[in-house]
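Okay, structure first, notes after.
Where a number appears in this text, it was derived from the coordinates with a stated rule and is not lab data. Values in this document were obtained by computation on a predicted structure and should not be read as measured data. All Cβ positions, glycine included, derive from the backbone under ideal geometry; neighbour counts span all protein chains shown.
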Amino acid sequence: MAPADPLRWTVLTLPKHGCSDDEYEDAWAVDPVRGRFAVADGASESSFAGRWAQLLTEAFLTADRSNEMAEWLEEPRRRWSAEVMDLELPWYAETKREQGAYAALLGVSVRRPSAHRPGKWRATAIGDSCLIRVRQGGRLQSFPMHKSTDFGNQPRLLGSRGAPVPKPDRASGALRPGDRLFLATDALAQWFLHSHEQGGRPGDAAASVLSAADADAAFADWIAGLRQGGGLRNDDVTLLLVECGPAAC
């Protein structure tokens, strides 16, 4: 049997204002044929957090759904240690490295709707990166955070050095043609929810930026405006859109 056509997706990223692209510590990974998508947010105060975030997103794409997270975390933890533990570092960086890297993770599996069965999404999260489903008419559903005030300074995180694995939050829902699934790291996710709470339509604003002729430039301008206006915290930003429009479903 031939594989299904891939879902349509778009991703845009930016580092913190004042930082270079090399200092970006979010990550993302996609497998549109299998319908798997992930974003992660490396904790800046930890060591080699960006690499840990990338390893987590890649591991989610290939993880066996029947396995507990603690099982499929073994491989990215092994890879992180193999890559960083033998590097020559100053003494203060060595101490930080021994404590390991930490990151929030959001993984989403999508089954497109068909003539024979409805579409569905499933999500797994540890931390405050969010899935935001926007339905036609602007109706919004978010997971695992539901309100802009849910975000705090100490989200749950996954560690690279054998720290206990927190119990993940899990959710699922129906997917209809025309639905948009936004996967966003915490700063932009919080803005999404606050804008919606104020009567805005953040999904339309984000989709317009993502579909611009020069999406990278439009995204940079949009994020800069949100930051300057005080509506968006200065943090790394990742926005991954999965569309279930007529051309994708």
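Helix 49-62: angle to the longest alpha-carbon principal axis of the chain, degrees 0 to 90, nearest 10?
For 49-62 against the chain, the angle is about 50 degrees.
Could you list the GluC sites (Glu not before Pro) in segment 59-155 that lie in coil according to DSSP, counting only those with at most 12 other Cβ atoms within 10 Å of their Cβ?
GLU68, GLU88
So what's the back-of-envelope 222 nm ellipticity for the chain, counting only DSSP H runs of four-plus at -39500 (n - 2.57) apiece and dividing by all residues, rounded to 500?
Values: 7 runs with 73 residues, N = 249.
When only DSSP H runs of four or more count, the value is -8500 deg cm²/dmol.
Give me the angle, in degrees from 0 to 90, between the Cα long axis of helix 74-84 and the longest principal axis of the Cα atoms of the chain, rounded to the nearest 10.
For helix 74-84, the angle is close to 50 degrees.
Treat each spin label as a single point 7 Å out from the Cα along the C-beta direction, and report the LYS147 to ASN67 distance in nm.
In this crude label model, LYS147 to ASN67 measures out at 3.8 nm.
Would you mind computing, in nm to one decimal, how far apart the modelled labels at CYS19 and ARG111 are, each placed 7 Å from Cα along Cα→Cβ?
3.8
Assign unit charges at the C-beta atoms only (+1 for Lys and Arg, -1 for Asp and Glu), then state the dipole size of the chain relative to its Cα centre in Debye, rounded to the nearest 20. Walk me through the numbers before you get to the answer.
Working: 29 positive and 33 negative charges, 284 e Å.
My answer is approximately 1360 debye.
In degrees, nearest 10, range 0 to 90: what is the angle between the Cα axis of helix 186-197 and the longest Cα principal axis of the chain?
Tilt relative to the chain: about 30 degrees.
Exactly which trypsin sites (Lys or Arg not before Pro) in segment 1-71 are in a DSSP loop and have at most 11 other Cβ atoms within 10 Å?
Sparse-neighbourhood loop trypsin sites (Lys or Arg not before Pro): ARG65.
Pull up all non-local amide H partners of ASP179: gap of 5 or more, or a different chain, and H-to-H distance under 5 Å with H placed in the peptide plane.
Distant-sequence amide H within range of ASP179: CYS244.
If I stretch the segment between ASP169 and ALA217 completely, what's the gain in nm (0.36 nm per residue apart, minus their alpha carbon distance), one decimal?
Using 0.36 nm per residue and subtracting the Cα-Cα distance, I get 13.8 nm.
If the cut-off is 28 Å between C-alpha atoms, which lysines fall inside it for LYS16, apart from same-chain ones fewer than 8 positions away?
LYS96, LYS147
If you plug each phi of segment 27-40 into the Karplus form 6.51 cos²θ - 1.76 cosθ + 1.60 with θ = phi - 60°, what whole-Hz ³J(HN,Hα) values come out, in order, with x for Gly and Pro?
Taking θ as phi minus 60°, the curve returns 7, 8, 7, 9, 9, x, 5, 7, x, 10, 9, 8, 10, 9 Hz for segment 27-40.
Taking the Cα centre of each part, how many Å lie between segment 106-122 and segment 161-230?
What the calculation gives is 20 Å, centre to centre.
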